[in-house]
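Data block below; observations after.
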Amino acid sequence: MEVTKILLVDDEPLVRRSLEKTLLRAGFDVETAQDCNSGLDTFTQAITAGAPFDFAILDINMPNFEGVEANGAGLELLSKLVEKKPDLSAIMLTAYDEVNKAKDAVQRGAKAYFVKGREKGLVELINDIMDA
């Protein structure tokens, strides 16, 4: 079976490294980016190379496409990724439990919403979505 390829976009280096390690240990192929622009570039390059991502894990709050810290910038990124790959499975990351953003994320195409800090649960969530 092919290894699941995941794009992880989060502007916090410690969070990004911790999640990357968790995902790598679980056997996923992981590439990371620190903001919307680098996330979109990495995603686009993978499609162009014929090796698109199966999954995207995106922080909801990070610098937007103008490089300004923005509440909900990850939702903008999600919309652009889903435009390029409509069957993309995406999970939105947040530090807080924000129900309205969760609904917005799902309307934009995210499969789920995950509160940071429970890394073990993230692997289970990815596996559940892939098995669905």
Problem set entry | Coarse-grained scattering of the stretch 1-115 at q = 0.10, 0.17, 0.24 Å⁻¹, given as base-10 log I(q)/I(0) from a Debye sum over alpha-carbon atoms | -0.25, -0.75, -1.53
Seminar exercise, completed: The answer for the longest stretch of the chain without any exposed GluC sites (Glu not before Pro) (DSSP loop, at most 10 further Cβ atoms within 10 Å) is 67-132
Seminar exercise, completed: For A112, other-chain or 5+-apart residues with amide H closer than 5 Å (H placed, Pro excluded) are A90, M92
Problem set entry | Antiparallel bridge percentage (DSSP; both residues within the chain; nearest 5) | 10
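Read-outs: derived from the displayed coordinates by stated rules, not from any lab. Remember, predicted model here, so these are calculated numbers, not experimental data. Glycine also receives a Cβ, built like all others from the backbone with ideal geometry; neighbour counts cover every protein chain displayed.
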